[in-house]
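**Q** Sharing a structure, written as structure tokens. Questions coming.
Quick note: the coordinates plus some simple rules give every number you see, no bench work behind them. All of these numbers come straight from a predicted model, not from anything done at the bench. As a convention, Cβ positions derive from the backbone with ideal geometry for all residues, glycine included, and neighbour counts pool all protein chains shown.
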Amino acid sequence: MRKKIILTSLLFSTIIYSSAQKGDVIIGDSTIISNAQAMEAYNKAIEFYNAQNYNSALDFFNQAISLAPEFHQAYYNRGVIKLEKSNTDEAISDLNKAIQLNKETNATYYFMRGKALYLKNDFLTSIEDLNKSILTSPSNAFAFYYRGNVHFELGNFDDALFDFNEALKLKPDYAYAYNDRGSTKKQKEDYNGAINDYQKALNLDPKLSFVYNNMGSAYRKLGKNKEAIQNYNEAIKLKPDYYIAYNNRGSAKLEMGDFKGAIQDFEKVIQINKEYAFAYNNIAIAKYKLKDYKGSVEACTKAIAIDREYAAAYLNRGIAKEMLRDDKGACEDWNKAYEYGALKNAKLFVEQSCNE
């Protein structure tokens with residue numbers, strides 16, 4: 001019983017988030033607080049921050065806060081640095097304190113906390129802060145940008161598109177916003193529009209490897225695998241360890257019938273990231289196409305060893321086992337695939353081959 005293998009290689013459209021923007025740290029002046037020693041420590045912290053000496057900046061912000069516990073600007077700036085150092089929970093704690101101490105609504109504080117909450121994947125709370133920031137300061141392109149990212153993550157693509165449009169009105173040279181608007185258009189199946197935005201991002205910054213990767217994936221959606229491969233090539237030139245681009249290039253080669261070339265790319269993925277289960281599953285697909293059914297089973301087994309609930313790998317291993325006349329093993333795998341979420345396809349195989 002020959003069945004067409006289920007092609008489950010993944011397309012990645014990576015949204016890349018910019019780090020702390022210039023201007024995140026408030027420059028101190030002598031009118032902020034009356035404690036002269038605290039102010040001196042604060043200004044030294046600012047100097048160290050601008051020199052990208054974050055550890056020393058933290059030390060002086062700590063000193064400023066110790067001398068003046070009501071110094072909300074110091075809490076805010078310390079939170080910015082902690083966010084820069086990926087200490088997200090501590091950053092949020094400092095930003096909470098800054099907002100609590102400040103008697104007025106500060107759009108910058110709410111923006112930064114909204115950004116931190118977004119990076120923590122607390123999207124619903126993040127959007128509340130970003131809304132407050134935009135309401136108070138509607139000219140902040142970065143606030144619209146991050147709110148657009150939140151909407152994207154929540155699947156609200158029309159709202160995301162609106163926010164990226166607003167960000168670009170305010171900051172026409174915002175390459176990241178063009179990239180992410182392109183990814184939003186791709187989600188809405190406007191692939192040509194996505195490609196146009198990716199190209200605009202590259203016109204602004206031709207060294208953004210992830211934009212080439214995303215544009216390649218948009219071309220794949222249009223069935224233009226040759227153009228897709230050209231873009232994946234550019235992504236890999238810029239970032240030689242870009243395993244997602246290798247995986248996507250291999251998937252494009254797979255679709256073009258270059259199964260050996262695809263396997264080479266998927267094996268390169270594993271050299272870079274041996275825990276990337278998708279690459280093993282994709283190797284299984286290519287080996288199946290080459291009628292190497294034993295090799296296909298082995299590759300799926302490696303994928304499953306990494307992810308015990310990888311439904312597609314169970315499904316594909318079952319298909320390869322069937323070709324090796326291991327009907328019992330095939331049915332066991334298809335039932336596992338059904339259990340782990342491949343409901344429609346797995347059910348079809350079980351009904352056709354396992355109920356005799």
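**Q** By count of other Cβ within 10 Å, fewest leading, how are ASP326, ASP241, ASP94 ordered?
**A** Taking fewest neighbouring Cβ atoms as first place, the list is ASP241, ASP326, ASP94.
**Q** List the residues of region 255-277 whose backbone N lies under 12 Å from a point placed 7 Å from the Cα of LYS294 along the Cα-to-Cβ direction.
**A** Correct set: none at all.
**Q** Hey, another quick one. Note down the nm distance, to one decimal, between modelled labels 7 Å out along Cα→Cβ at THR125 and at LYS237.
**A** 4.5
**Q** Let me ask another. Between SER137 and GLU40, what is 0.36 nm times their sequence separation minus the Cα-Cα distance? Round to one decimal in nm. The partial results should precede the final answer.
**A** Details: separation 97, 0.36 × 97 = 34.92 nm, distance 2.95 nm.
Taking SER137 through GLU40 to full extension adds about 32.0 nm, to one decimal.
**Q** Rank the residues CYS300, CYS331 as a footprinting-exposure proxy: fewest other Cβ atoms within 10 Å of their Cβ go first.
**A** CYS331, CYS300
**Q** Can you list the cysteines of the chain that have no other Cys Cβ under 4.7 Å away?
**A** Unpaired cysteines in the chain: CYS300.
**Q** Note down the nm distance, to one decimal, between modelled labels 7 Å out along Cα→Cβ at ASN53 and at GLU70.
**A** The modelled label-to-label distance comes out at 3.2 nm.
**Q** Arranged by the count of other C-beta atoms within 10 angstrom, fewest first, what order do VAL297, VAL350 take?
**A** VAL350, VAL297
**Q** For a test of the definition: using alpha carbon positions, the gyration tensor, and the 1.5 limit on a/c, classify region 205-302 as rounded, prolate or oblate.
**A** It is oblate, given that a/c is not under 1.5 and a/b is not larger than b/c.
**Q** Angle check, please: helix 54-67 long axis (alpha carbons) against the longest principal axis of the chain (alpha carbons), in degrees 0 to 90, nearest 10.
**A** The helix 54-67 is inclined about 40 degrees to the chain.
**Q** Over the chain, what is the relative contact order in whole percent, taking alpha-carbon pairs under 8 Å and six or more residues apart?
**A** Once divided by the residue count of the chain, the mean separation gives 11 percent.
**Q** If you don't mind, there's one more thing I want to ask. Picking from ILE306, ILE244, ILE81, which is most flexible by a Gaussian network model of the chain using Cα springs under 10 Å?
**A** Top of the fluctuation ranking is ILE306.
**Q** Now a separate question. Under 1.5 on a/c is rounded, so check that first for region 31-103, then, if it is not, pick prolate when a/b is larger than b/c and oblate when it is not; a ≥ b ≥ c are the square roots of the alpha carbon gyration tensor eigenvalues.
**A** Verdict is oblate for region 31-103.
**Q** Past 22 Å, Cα to Cα, is the threshold; run LYS82/LYS237; LYS289/LYS321; LYS237/LYS268 against it and keep the listed order.
**A** Among LYS82/LYS237; LYS289/LYS321; LYS237/LYS268, the Cα-Cα distance tops 22 Å for LYS82/LYS237.
**Q** Shifting gears a bit: Using label points projected 7 Å from each Cα along Cα→Cβ, tell me how many nm separate ASP327 and GLN264, to one decimal.
**A** Each label point is offset 7 Å from its Cα along the Cβ direction, giving 4.1 nm.
**Q** Moving on. Taking R0 as 41 Å, what FRET efficiency do you get between ASN62 and GLU351 from their Cβ-Cβ distance, rounded to the nearest 0.05?
**A** 0.05
**Q** Right, something else. For the chain, rounded, prolate or oblate, judged on the Cα gyration tensor with a ≥ b ≥ c (square roots of eigenvalues), a/c < 1.5 rounded, else prolate if a/b > b/c?
**A** prolate
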